[in-house]
Structure formats: structure tokens, C-alpha cells
1. Can you sort 68, 10 so the residue with the fewest Cβ neighbours within 10 Å comes first?
2. To the nearest 10 degrees, how steep is helix 42-59 against the longest Cα principal axis of the chain, on a 0 to 90 scale?
3. Roughly what angle does helix 68-81 make with the longest principal axis of the chain, taking Cα atoms, 0 to 90 degrees, to the nearest 10?
4. How far, in degrees from 0 to 90, does helix 83-107 lean away from the longest principal axis of the Cα atoms of the chain, to the nearest 10?
5. If I compute log10 I(q)/I(0) by the Debye sum over Cα atoms at q = 0.22, 0.24 Å⁻¹ from the structure I just sent, which labelled value in (i) -1.10, -1.15; (ii) -1.35, -1.34; (iii) -1.18, -1.31 lines up?
């Protein structure tokens, strides 16, 4: 992996941390907890986006070994915000990413 790519993956982890900190702070203040028309709190959609980004890095083995504990810390932070939402969205995002990889292999 080239240095530029490695840096981009690290930046993605840093961005995920910022997103999760923002989600948690807004939730504590009750600013992102109203629900949409389907009854889901708005913050869960933000968590879904973070889950998708982290799942892509994880499934594609793009997390540097020295940053694995940081990645795990992010997942723990997300679980502390909303364990059910994180478990669902991260699990779904992992499945989706694995399916994309399978499709890519099939197309080659």
C-alpha cells in the first residue's frame, strides 16, 4: 500500500471519530433525537454512514495494523451511542461490502 493511500485510510478513521463524537454530543443535548417519518431518530442515519465507511475499510483490510486498536475503539464508541443501531448498520454494511467484493471478483 502506498503512503498516500495509507494516509487516506487513516484520515477516514479520524473522520469517523469526529462524526461519532458529534453524533454523541448532539444526542446528549437532544438535538438529533427527533424521529423521521419512519420513526427512526435522525442520528441513526449518521451512524449508518459511519458504519458503511468503517465496514469498507475493515472488509477490504485497509486499516493499518498499528491502528486496529483505534478502529476497535471507534466501534466501541458507536456501540455506546446506540448498540442496536450500530450492530444492525455495521453488520449490514459488512455484508454489503462483502457482496460488492464478490461481484467485483465475478465481473473480472
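1. Numbers: 68 11, 10 17.
Listed from fewest to most nearby Cβ atoms, that is 68, 10.
2. 20
3. It is inclined by approximately 20 degrees.
4. Tilt of helix 83-107: around 30 degrees.
5. Computed from the coordinates, log10 I(q)/I(0) by the Debye sum over Cα atoms at q = 0.22, 0.24 Å⁻¹ corresponds to (iii).
Values in this text are rule-based calculations from the coordinates and carry no lab data. Everything numeric in this text was worked out from a predicted model, so none of it was measured. Backbone-built Cβ (ideal geometry, glycine too); neighbour counts: all protein chains shown.
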